[in-house]
Amino acid sequence: MNKREFIKTLGLAGIGLPFVSSAQIHNFLSFNMSDKQKQGNDFWKEMRKAYTLKSEYINLENGYYNILPQATLNAQWQQLQTLNLEGSYYMRTRMAEDKQNTRQILADFLQCPVEEIIITRNTTESLDTVICGYDWKPGDEAIMAEQEYGSMLDMFKQQAKRYGMLNKYINLPLNPSSDEEIISLYQAAITPKTRVILVSHMVNITGQILPIRKICDMAHQHGVKVIVDGAHAVAHLDFKISDLNCDYYGASLHKWLAVPLGAGLLYVKKENIKDLWPLFGESGYSDTDIRKLNHTGTYPIHSELTIPAAIQFHQAIGSKRKEERLRYLQRYWSDQVRGYKNIVLNTPAAVERSCGIANVGVTGYKPAELAKYLLDTWKIWTVAIDNVGVHGCRITPNVYTNTDDLDTLVKALKAAADAKG
């Protein structure tokens with residue numbers, strides 16, 4: 001099977017699952033290319049054809065929401081058609097089994113026990129379930145970085161106001177000398193009253209990758225549990241949740257896995273389930289069953305049931321190959337502007353400390369002004385970030401992004417920098 005036939009097959013995904021056989025995937029990915037070609041030419045040119053893209057602008061803001069490849073979009077449409085055809089009959093007879101099958105497929109993909117994972121609507125819901133599920137006492141402490149996602153910081157502030165617990169903040173160095181420098185910041189903040197650490201697997205505003213396993217191992221030595229915000233790591237980095245040794249892990253599947261909007265995940269290590277209070281009342285499960293945390297009411301089940309199609313598309317690329325491609329794209333443009341006059345990169349210089357996400361600023365431009373300049377003058381869509389010492393535009397390419405797109409970005413940034421003298 002050649003590359004073009006493979007992409008065509010992906011485009012017909014909505015007809016039924018599974019839509020690509022293991023043999024077809026193997027034949028396509030084993031196509032005779034050099035490593036350089038696999039990164040920059042034939043493979044990714046064909047992959048771009050799996051998406052329907054707007055021509056009016058270059059989309060470099062995939063970190064908020066990864067648009068779906070046509071294969072996954074077709075699969076979602078097929079699920080919606082079935083749901084609309086059968087209505088409550090489907091929901092009362094087959095939905096529970098289909099939900100459980102989807103949950104198992106997701107657990108297998110993440111390589112964790114199905115008994116430790118539930119499907120939520122997004123990262124915020126997942127992590128709020130944990131943060132609000134704690135039985136906080138006055139004086140209890142939680143540690144987090146100032147660079148954490150705003151919604152998570154807000155939820156901890158709410159718990160402090162409601163229960164009298166204390167939040168302690170650290171400031172992450174952008175270019176640490178070692179993992180130990182980061183770990184020592186968290187460790188120094190721990191006291192006998194510390195109950196939990198919140199930490200991002202990949203910081204959303206800078207793209208910095210944190211040493212999660214080392215932080216978890218250190219925290220556990222002090223009897224402290226760790227909540228990991230994995231919003232940008234799932235299907236971006238090649239890893240297994242079991243390798244992290246964390247207590248809780250939340251992620252949004254509409255980001256790098258490119259699942260339709262309305263699907264996320266929450267992982268809770270089995271020993272921690274019993275101590276969490278459900279966010280919504282649920283009496284149908286025991287205190288040790290993670291499903292007690294998953295009372296959602298009626299919601300768009302067709303999005304959740306599209307998860308297997310999204311996973312299959314991701315696996316057709318390969319987790320390791322995708323991580324390497326995203327890192328390649330980021331370094332392709334960022335290496336060309338790093339050190340250029342008036343350009344500031346708010347992303348670690350060390351290759352291993354970031355992947356597809358980077359943040360760039362230009363001296364003399366406020367982030368919102370730079371974002372407007374990039375869109376109005378160069379037709380490049382980004383997002384402005386202006387907080388916690390990070391002032392610039394976040395750049396998040398996708399697997400369909402090509403180097404021509406990034407060449408335009410480089411030209412735009414250098415032109416903006418040159419205009420400031």
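The values are calculated or read from the model by the stated rules, or taken from the named source; none is laboratory data. What you see is a predicted model; the values in this text were computed from it and never measured. Using ideal geometry, Cβ is built from the backbone for each residue, glycine included, and neighbour counts are taken over all protein chains shown.
A few remarks follow.
- Being modelled with pLDDT of 95 or more, assigned to a strand (DSSP E or B) and within 22 Å of the chain's Cα centre (by Cα) is a property that I105 lacks.
- In segment 382-398, the residues that are free of Cβ contacts under 8 Å to residues at least 24 places away in the same chain form Cβ pairs under 6 Å with partners that are part of a strand (DSSP E or B), at six or more places apart or across chains, as follows: A384/C393.
- Of the residues making up segment 48-66, just one is of a type in the set (V, I, T) and closer than 17 Å to R394 by Cα, namely I58.
- Picking from residues in segment 42-75 that are touching a His at 6+ places or on another chain (Cβ under 8 Å) and crowded, with 22+ Cβ neighbours inside 10 Å, the one that is farthest from I311 (Cα to Cα) is G63.
- Segment 343-356, subset buried (at least 20 other Cβ atoms within 10 Å of the Cβ) and among the aliphatic types (A, V, I, L, M), residue nearest to H236 (Cα to Cα): L345
- Among residues of segment 232-244 that are within 17 Å of V259 (Cα to Cα) and in the same structural domain as T124 (by TED's automatic domain parsing), those with a beta-carbon under 8 Å from a residue that is outside any loop (DSSP other than H, G, I, E, B) and of a type in the set (K, R) at least six positions away or on a different chain give the pairs A235/K322; H236/K322.
- Among the residues making up segment 390-421, those that are more than 23 Å from the chain's Cα centre (by Cα) and either in a strand (DSSP E or B) or over 13 Å from S334 (Cα atoms) (or both) are D404, A415, A416, A417, D418, A419, K420, G421.
- Among the residues making up segment 227-241, those that are farther than 10 Å from S319 by Cα and within 8 Å of the chain's Cα centre (by Cα) are G230, A231, H232, A233.
- Scanning segment 286-323 for residues that are under 21 Å from the mean Cα position of the chain (by Cα) and within 17 Å of T129 (Cα to Cα) returns a single hit, N294.
- Taking the criterion of being touching a residue at least 60 places away in the same chain (Cβ under 8 Å) and of a type outside the set (G, A, S), the residues of segment 408-417 that qualify are T408, L409, V410, L413, K414.
- A316 buried (at least 16 other Cβ atoms within 10 Å of the Cβ), farther than 21 Å from D140 by Cβ and modelled with pLDDT under 95: yes
- Residue that is surrounded by the most Cβ atoms within 10 Å (Cβ to Cβ), among those in segment 357-378 that are small (G, A, S) and in contact with a strand residue (DSSP E or B) (Cβ under 6 Å, 6 or more places away or on another chain): A358
- I15 vs. criteria over 30 Å from V203 (Cα atoms), modelled with pLDDT under 50, out of contact with any strand residue (DSSP E or B) (no Cβ under 7 Å at 6 or more places or on another chain) and surrounded by 14 or more Cβ atoms within 10 Å (Cβ to Cβ): no
- Unique residue being of a type in the set (D, E) and either crowded, with 17+ Cβ neighbours inside 10 Å or modelled with pLDDT of 90 or more (or both) when the list is D98, D35: D98
- Looking only at residues in segment 145-200 that are part of a loop (DSSP other than H, G, I, E, B) and within 20 Å of the chain's Cα centre (by Cα), the one that is farthest from A358 (Cα to Cα) is E146.
- Residue check for A251: buried (at least 24 other Cβ atoms within 10 Å of the Cβ), in contact with a strand residue (DSSP E or B) (Cβ under 9 Å, 6 or more places away or on another chain) and under 19 Å from S151 (Cβ atoms): yes
- Among the residues of segment 189-217, those identified as in contact (Cβ under 8 Å) with a residue 12 or more places away in the chain and over 28 Å from K255 (Cβ atoms) are A189, I190, T191, K193, T194, R195.
- Top-ranked residue of segment 148-177 - restricted to ones that are of a type in the set (S, T, N, Q) and within 21 Å of A350 (Cβ to Cβ), ranked as surrounded by the fewest Cβ atoms within 10 Å (Cβ to Cβ): S177
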